[in-house]
Amino acid sequence: MKSSVPSEYSEAYIALGANLGDREQTLTEAIQMLGDHSDIEIVRCSGLYETAPVGYIDQPSFLNMVLMLRTTLEPEPLLMSMLDVENKLGRVRDIRWGPRTVDLDLLWMDHQQLHTERLELPHPRMNERAFVLVPLAEIVSSDQHPELFYSVQQSLQLIEAEQQGIHYVKAFTMPFNSKLK
Ligand SMILES: Nc1ncnc2c1ncn2[C@@H]1O[C@H](COP(=O)(O)OP(=O)(O)OP(=O)(O)O)[C@@H](O)[C@H]1O
Ligand SMILES: Nc1nc2c(c(=O)[nH]1)N=C(CO)CN2
């Protein structure tokens, strides 16, 4: 299906995580819901990674991945669409960094730096998280986003030890008839 996103669009990377319920199904639904938004085109998805919980460790392991999208939305409306997807998939916010059905974090958007009440860009903790950097490194192209590519490579070297808890599970494939092939 032809992209509904016109030429003047932004490119962004979103990190997804889930550690409650049918994690893979929830991540698939989250990506489908984002892709169904007329102003968003999902361009590329990393594989799925089984990751040990970080921060609040008394919880089940996560499935994590990262995707790249194109959008005509501005950063805050994109964040609102992401929060809407989380709510529709039943996310309950109780313990900070605790278990969740799904979590969507906006990592990076067209080199923009933003610090508003609702949104910080780039994500302030992305460079210290192997569960973000490892899938992100899988899909960031040094041709398209060289600054981000080299920053991710450098951060990965700095947190080498942390990568022990990250295990590649499989490639991520959308179900048949979705726009993302
Ligand atoms: N780059 C960003 N991506 C997603 N949410 C952000 C971002 N910057 C600020 N926020 C704000 O953070 C709020 C809390 O997000 P959430 O509860 O998902 O945090 P978390 O994912 O548990 O922790 P962390 O932010 O460390 O990943 C969101 O409602 C959103 O307004
Ligand atoms: N492995 C892993 N650990 C986490 C994750 C996550 O997505 N994966 N998200 C958190 C809050 O954003 C806190 N800890």
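Can you tell me how many residues in segment 83-105 are among the acidic types (D, E) and not in a strand (DSSP E or B)?
Result for segment 83-105: 3.
Applying the selection to segment 58-115, what residues are β-branched (V, I, T) and within 19 Å of L136 (Cα to Cα)?
V66, T71, V102 - these are the residues of segment 58-115 that are β-branched (V, I, T) and within 19 Å of L136 (Cα to Cα).
Looking only at residues that are farther than 17 Å from L104 by Cβ and not aliphatic (A, V, I, L, M) in segment 36-54, which one is modelled with the lowest pLDDT?
Taking the candidates together, the pick is P53.
So which residues in segment 95-124 are more than 13 Å from the chain's Cα centre (by Cα), free of Cβ contacts under 8 Å to residues at least 40 places away in the same chain and near ligand 1 (Cβ under 10 Å from one of its atoms), if there are any at all?
Result: I95, L114, H115, E117, E120, P124.
Of everything in segment 55-77 that's within 11 Å of ligand 2 (Cβ to nearest atom) and over 16 Å from the mean Cα position of the chain (by Cα), which residue is nearest to L16 (Cα to Cα)?
Going residue by residue through segment 55-77, those that are within 11 Å of ligand 2 (Cβ to nearest atom) are 55-57, 59-66.
Those left that are additionally over 16 Å from the mean Cα position of the chain (by Cα): 55-57, 59-61.
Values: G55: 16, Y56: 17, I57: 18, Q59: 17, P60: 16, S61: 14 Å.
Ranking the qualifying residues of segment 55-77, first place goes to S61.
Scan segment 63-71 and tell me whether some residue there is outside any strand (DSSP E or B) and either within 13 Å of ligand 1 (Cβ to nearest atom) or farther than 16 Å from Q25 by Cα (or both).
No, that holds for no residue.
Starting from segment 40-60, keep only residues that are closer than 22 Å to A12 by Cβ, then list their pairs with residues that are charged (D, E, K, R) and assigned to a strand (DSSP E or B) whose Cβ atoms are within a distance under 8 Å, requiring at least 6 positions of separation or different chains.
Pairs found: I40/R70; E41/R70; V43/E11; V43/R70; G47/K170; L48/K170.
Conditions tested, residue by residue: (1) closer than 23 Å to Q32 by Cα; (2) modelled with pLDDT of 95 or more; (3) charged (D, E, K, R); (4) in a loop (DSSP other than H, G, I, E, B).
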site: L107; (1), (2), (3), (4): yes, yes, no, no
site: R118; (1), (2), (3), (4): no, yes, yes, yes
site: P124; (1), (2), (3), (4): no, yes, no, yes
site: V132; (1), (2), (3), (4): yes, yes, no, no
site: S142; (1), (2), (3), (4): no, yes, no, yes
site: V152; (1), (2), (3), (4): no, yes, no, no
site: A161; (1), (2), (3), (4): no, no, no, no
site: P175; (1), (2), (3), (4): yes, no, no, yes
site: K179; (1), (2), (3), (4): yes, no, yes, yes
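The values are calculated or read from the model by the stated rules, or taken from the named source; none is laboratory data. These figures come from a predicted structure and were not determined experimentally. As a convention, Cβ positions derive from the backbone with ideal geometry for all residues, glycine included, and neighbour counts pool all protein chains shown.
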